[in-house]
Amino acid sequence: MLDREVRARLRTLSKDNAGVVGRHLVMAGRLLDEDPELAYEHAQAAVRRGGRVDVVREAAGLAAYRTGRFAEALRELRTVRRLNGSSEHLAVMADCERGLGRPERALALAASAEAEGLDPQTRTELAIVVSGARLDMGDPDAAIAVLHGVEGGPVRTVLAARVVQARADALRAAGRGAEADAAESAVPAGLLAQASGPVEDEDVVVFDLVEDGEDLGDDEADLPEETDAAEAVDGTDADDADETDALDETDETDALSDDDAPAGVEDPEDR
């Protein structure tokens with residue numbers, strides 16, 4: 001069945017539509033590692049049916065990020081932040097700024113008030129992004145300093161291995177290759193192999209399948225108030241005009257049709 005919290009979010013949709021959206025979210029989560037492009041298409045299909053629900057936009061943003069669509073991912077995750085007030089994807093947003101060639105904006109996000117309330121794991125992810133941004137700006141010494149004392153001790157998790165790898169990258173950029181090699185040699189090979197994954201690779205939202213007949217809400221709830229597309233986005237300037245967050249205006253109560261699915265995407269019920 002769907003995660004309880006996700007099911008609660010989908011109750012703003014009609015029962016039938018919630019079921020279809022939920023199944024697209026399931027497939028987006030399942031395919032994210034093996035076929036990111038198809039996962040992205042499923043996420044887009046979910047957005048077309050339930051674009052005013054935060055978990056739907058979250059899935060779309062993370063799938064866009066994993067396929068290198070950084071401007072789109074940033075746009076979607078900003079929308080998520082406006083819908084639910086959460087900054088949990090701040091590290092991914094900062095990495096999107098790096099992907100768009102704007103490391104200085106990644107640093108600005110990391111220095112924002114939002115970053116102060118992040119949980120330890122997300123703060124670690126953000127430190128890795130900041131270190132990379134410093135490297136992008138040609139300052140390896142600052143990149144090394146950012147990671148000083150982060151996730152110290154034995155490396156037993158992929159996140160800790162990422163810290164080691166990020167530090168090794170910075171050390172090599174600073175001409176300290178022997179130190180970099182020594183640091184990486186202490187990391188189990190399996191963890192090191194996974195450490196090159198995207199930010200939050202372990203935490204991408206993955207939704208469990210809806211069981212046949214699962215009740216996703218008997219009554220249709222009022223939809224959240226639509227956000228004005230012209231509303232200013234925190235940290236956005238004129239250069240980002242094309243990234244303004246416009247919430248999906250599709251009426252979730254419209255008749256559902258298999259034609260809504262993108263080309264090449266099967267209905268999850270048929271898989």
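Can you go through 29, 61 and tell me which one is surrounded by fewer than 24 Cβ atoms within 10 Å (Cβ to Cβ), touching a helix residue (DSSP H, G or I) at 6+ places or on another chain (Cβ under 9 Å) and not assigned by TED's automatic domain parsing to the domain that holds residue 129? Show your work before the answer.
Details: 61 fails: surrounded by fewer than 24 Cβ atoms within 10 Å (Cβ to Cβ).
Result of the check over 29, 61: 29.
For segment 23-43, the criterion of being over 18 Å from the mean Cα position of the chain (by Cα) and not acidic (Asp, Glu) is met by at least one residue. For segment 118-135, the count of residues that are small (Gly, Ala, Ser) and outside any helix (DSSP H, G or I) is zero. Inside segment 34-43, residues that are under 13 Å from residue 64 (Cα atoms) and not in a helix (DSSP H, G or I) make up a count of 1. Candidates 138, 99: the one that is in contact with a Phe, Trp or Tyr (Cβ under 9 Å, 6 or more places away or on another chain) and surrounded by fewer than 20 Cβ atoms within 10 Å (Cβ to Cβ) is 99. Given the residues 97, 72, 114, which is the only one that is in contact with a Lys or Arg (Cβ under 8 Å, 6 or more places away or on another chain) and part of a helix (DSSP H, G or I)? When all the criteria are applied, what remains is 97. One residue stands out in segment 122-164 among those that are of a type in the set (Gly, Ala, Ser) and modelled with pLDDT of 95 or more: the one that is farthest from residue 105 (Cα to Cα), namely 145.
The values are calculated or read from the model by the stated rules, or taken from the named source; none is laboratory data. All of these numbers come straight from a predicted model, not from anything done at the bench. Here the Cβ is made from the backbone with ideal geometry for all residues, glycine too, and neighbour counts use every protein chain on show.
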